[in-house]
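K.L.:
Encoded as structure tokens, here's the structure I'll be asking about.
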Ligand SMILES: Cc1ncc(C[n+]2csc(CCOP(=O)(O)OP(=O)(O)O)c2C)c(N)n1
Ligand SMILES: [Mg+2]
């Protein structure tokens with residue numbers, strides 16, 4: 001996709017952002033009903049980044065994200081049914097209920113997963129980029145993280161390595177100004193995150209993360225650079241999350257007025273008004289229809305997830321190893337010795 | 001004497017030690033602002049009582065532990081919090097190659113009086129966020145490892161850990177934070193390296209610690225109704241490990257089960273079984289059994305998660321199986 005988007009492409013951006021928003025609100029509701037457990041990190045307010053960024057990439061470009069990954073999954077075209085089923089921990093989920101909210105993935109769609117150890121996935125992205133170069137493809141890698149992830153060792157190790165080997169990675173930092181409850185000026189000496197790239201002589205930009213077209217435009221340029229062999233880049237997208245860090249967060253640390261002020265410029269209606277309505281690409285009636293369609297899509301996802309069975313207990317030992325070998329455990333007991341794999345696991 | 005939570009007991013220990021020694025500082029991620037103080041609320045409110053001494057840090061566990069080591073070398077007594085034990089892996093080099101090595105490698109000239117507090121536990125948080133590293137952490141010479149199971153022990157052990165001149169890894173547990181127990185208002189200390197009998201019984205010895213002590217005590221109640229009395233030994237400190245009570249107990253009951261939450265093979269249970277058979281083989285009427293977690297990366301799905309973890313029922317089943325033909 002290029003920088004000049006046609007009507008359908010622009011409407012698609014809107015639909016995707018709205019899908020994410022409605023999906024996230026529904027997820028919160030399902031969490032409150034205990035259909036979803038564990039950590040649930042919602043993307044409300046940040047939708048323009050995933051949608052703007054992925055619309056600027058090719059579908060075969062590789063994607064690696066942090067745990068706040070629902071928006072990326074949906075923008076990459078993963079089926080809402082499968083995503084919701086994963087949040088429910090069901091067989092029909094994106095990873096059969098193994099990973100849950102923080103570990104959505106679809107390798108066929110070059111989405112290599114959401115990762116929940118802060119900074120853990122950054123070197124993986126560099127390695128994927130190396131593999132692309134090694135195999136002489138022109139695919140690039142997008143690696144997404146939060147502002148709080150730019151202080152850990154792997155951030156600096158990954159940036160240096162990617163720059164040193166001129167690997168095609170875009171490090172996308174979603175600066176929502178907080179790492180859990182810790183404000184950026186408390187966790188980072190450098191609050192304009194893009195400047196951190198200069199320590200590694202890496203090209204960097206900062207973009208308004210609430211402006212989907214601005215994100216799209218800059219990622220188009222950075223992708224072209226990376227694909228053309230000019231090396232990695234860091235993009236800081238300034239944004240704000242509307243909800244707490246996760247559903248477990250009481251969010252007492254952020255002031256009500258700060259949150260209210262941030263919501264005044266909401267990426268979705270802003271785009272609808274400034275672009276879609278202004279350019280007469282959609283009418284208010286069209287927008288109401290789209291809203292209803294998406295609500296129905298998300299409702300269907302909940303139905304699908306609810307109907308999907310729990311994973312079978314006898315699958316517990318599946319996929320722990322890619323290659324079975326002799327004496328590997330194939331079943332277990334909490335009170336006695338494990339069952340062992342009886343095959344020979346010969347190679348070749 | 002008041003009933004308080006494990007969480008509150010830990011906070012009281014921190015408060016008393018902060019008040020006692022100006023060199024005590026408390027650092028960690030989200031321990032000040034988030035939710036009023038701490039991902040799990042242990043430090044809630046403390047930053048107001050001790051301005052400047054409780055600080056939020058960047059997310060950089062390698063530095064949280066490493067800077068803590070340096071500060072400890074320089075005469076502070078840092079208590080660093082690692083939000084969950086899973087994130088301690090980021091600091092593994094600092095824990096193993098630095099904290100645990102300094103005193104010996106520098107011939108006793110350097111001390112690292114630092115406590116690393118961190119909870120194990122689970123809660124539908126999937127493979128990277130639901131792990132138990134009791135065995136792994138306890139395998140390192142130079143590191144002391146403590147894991148309290150009750151509010152009383154939590155307070156007394158944390159105070160001793162902070163006053164200890166060695167690096168102490170203090171393992172807490174998400175599932176224990178809300179549990180209640182009696183804790184005296186007066187100051188007290190529980191020495192590191194000393195196990196405790198938590199229940200007296202004559203039929204079978206259970207050696208355990210942490211969350212599995214709570215499960216074992218529930219199992220003991222069920223079994224008592226069936227006429228089986230467990231002798232329950234709580235290790236409390238995992239390194240150095242005090243097996244004296246356990247050995248004495250086995251000599252009395254002639255039966256033993258080690259109950260742990262972590263993965264079974266190469267687990268702490270394996271170590272305990274080996275030591276018990278070395279020192280009490282002739283007293284055993286049956287091979288020592290182990291109750292332990294299934295060796296799979298933790299799945300997110302509710303039913304699968306439940307299936308991998310040991311609870312009271314599993315202890316009951318293991319005891320019944322061992323004593324099947326006895327009573
Ligand atoms: C190594 C590590 N330490 C701590 C955590 C706990 N944790 C999860 S998310 C998070 C905050 C991350 O903030 P940021 O990178 O800004 O991303 P955001 O959640 O704002 O999108 C923390 C501290 C973790 N998952 N991994
Ligand atoms: Mg953030």
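The values are calculated or read from the model by the stated rules, or taken from the named source; none is laboratory data. Source: prediction; values computed, not measured. Cβ placement follows ideal geometry from the backbone for every residue including glycine, while neighbour counts extend to all protein chains displayed.
K.L.:
Before we move on, is residue A:184 surrounded by 18 or more Cβ atoms within 10 Å (Cβ to Cβ) and within 14 Å of chain B (Cβ to nearest Cβ)?
P.N.:
yes
Quick grid of which residues meet (1) within 13 Å of ligand 1 (Cβ to nearest atom); (2) modelled with pLDDT under 95; (3) farther than 23 Å from residue A:186 by Cβ:
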site	(1), (2), (3)
B:14	no, no, no
B:23	no, no, yes
B:53	no, no, no
B:56	yes, no, no
B:60	yes, no, no
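K.L.:
Having 2 or more residues that are more than 10 Å from chain A (Cβ to nearest Cβ) is the bar; report the strands (runs of 3 or more DSSP E) wholly within segment B:1-80 that clear it.
P.N.:
So the answer is B:2-5, B:24-28.
K.L.:
Just name the residue that is farthest from the other protein chains (Cβ to nearest Cβ) out of those in segment B:310-327 that are surrounded by fewer than 19 Cβ atoms within 10 Å (Cβ to Cβ) and outside any helix (DSSP H, G or I).
P.N.:
B:327
K.L.:
Still on this structure: Restricting to segment A:167-191, count the residues that are closer than 20 Å to residue A:261 by Cβ and part of a loop (DSSP other than H, G, I, E, B).
P.N.:
4
K.L.:
Within segment A:179-198, how many residues turn out to be in contact with a helix residue (DSSP H, G or I) (Cβ under 7 Å, 6 or more places away or on another chain) and more than 16 Å from ligand 2 (Cβ to nearest atom)?
P.N.:
Total satisfying the criteria: 1.
K.L.:
Same structure, new question: Looking only at segment B:103-129, filter to residues that are away from ligand 1 (no atom under 16 Å from the Cβ) and buried (at least 17 other Cβ atoms within 10 Å of the Cβ); which one of those is farthest from residue A:101 (Cα to Cα)?
P.N.:
B:103
K.L.:
Across segment A:94-125, which residue is surrounded by the most Cβ atoms within 10 Å (Cβ to Cβ) among those that are more than 16 Å from ligand 2 (Cβ to nearest atom) and in a helix (DSSP H, G or I)?
P.N.:
Step by step, filter segment A:94-125, then rank; the result is A:101.
K.L.:
I would also like to ask the following. Conditions: (1) under 14 Å from the mean Cα position of the chain (by Cα); (2) farther than 18 Å from residue A:233 by Cβ; (3) away from chain B (no Cβ under 11 Å). Residue A:115 meets all but one. Number of the miss?
P.N.:
With (1) under 14 Å from the mean Cα position of the chain (by Cα); (2) farther than 18 Å from residue A:233 by Cβ; (3) away from chain B (no Cβ under 11 Å) applied to residue A:115, the lone miss is (3).
K.L.:
From the list A:207, A:219, A:169, exactly one residue is away from ligand 1 (no atom under 12 Å from the Cβ), under 17 Å from the mean Cα position of the chain (by Cα) and either within 30 Å of residue B:57 (Cα to Cα) or within 14 Å of another protein chain (Cβ to nearest Cβ) (or both). Which is it?
P.N.:
The conditions single out A:169.
K.L.:
Another question about this same structure. Which one of A:200, A:187, A:245 is away from ligand 1 (no atom under 16 Å from the Cβ) and at pLDDT 95 or above?
P.N.:
Unique residue meeting the criteria: A:200.
K.L.:
Can you confirm whether segment A:267-275 contains a residue that is within 30 Å of residue B:34 (Cα to Cα), touching a helix residue (DSSP H, G or I) at 6+ places or on another chain (Cβ under 8 Å), more than 14 Å from chain B (Cβ to nearest Cβ) and at pLDDT 95 or above?
P.N.:
The answer is yes, given that some residue of segment A:267-275 is within 30 Å of residue B:34 (Cα to Cα), touching a helix residue (DSSP H, G or I) at 6+ places or on another chain (Cβ under 8 Å), more than 14 Å from chain B (Cβ to nearest Cβ) and at pLDDT 95 or above.
K.L.:
Where in segment A:2-78 are there helices (runs of 4 or more DSSP H), lying fully within it, with 2 or more residues that are within 14 Å of another protein chain (Cβ to nearest Cβ)?
P.N.:
So the answer is A:7-32.
K.L.:
Next question. Which one of the conditions (1) away from ligand 2 (no atom under 13 Å from the Cβ); (2) closer than 20 Å to residue A:227 by Cα does residue A:156 fail to meet, given that it meets all the rest?
P.N.:
With (1) away from ligand 2 (no atom under 13 Å from the Cβ); (2) closer than 20 Å to residue A:227 by Cα applied to residue A:156, the lone miss is (2).
K.L.:
So, in segment B:86-102, exactly how many residues are more than 11 Å from ligand 1 (Cβ to nearest atom) and under 23 Å from residue B:176 (Cβ atoms)?
P.N.:
1
K.L.:
For segment A:265-305, give me each residue that is buried (at least 16 other Cβ atoms within 10 Å of the Cβ) and within 13 Å of residue A:18 (Cα to Cα).
P.N.:
Scanning segment A:265-305 gives A:266, A:267, A:268, A:271, A:272, A:287, A:290, A:294, A:297, A:298.
K.L.:
Same structure again: Give segment B:70-90 a look and list any residue that's within 23 Å of the chain's Cα centre (by Cα) and within 17 Å of residue B:56 (Cα to Cα), or say none.
P.N.:
B:77, B:78, B:79, B:80, B:81, B:82, B:83, B:84, B:87, B:88
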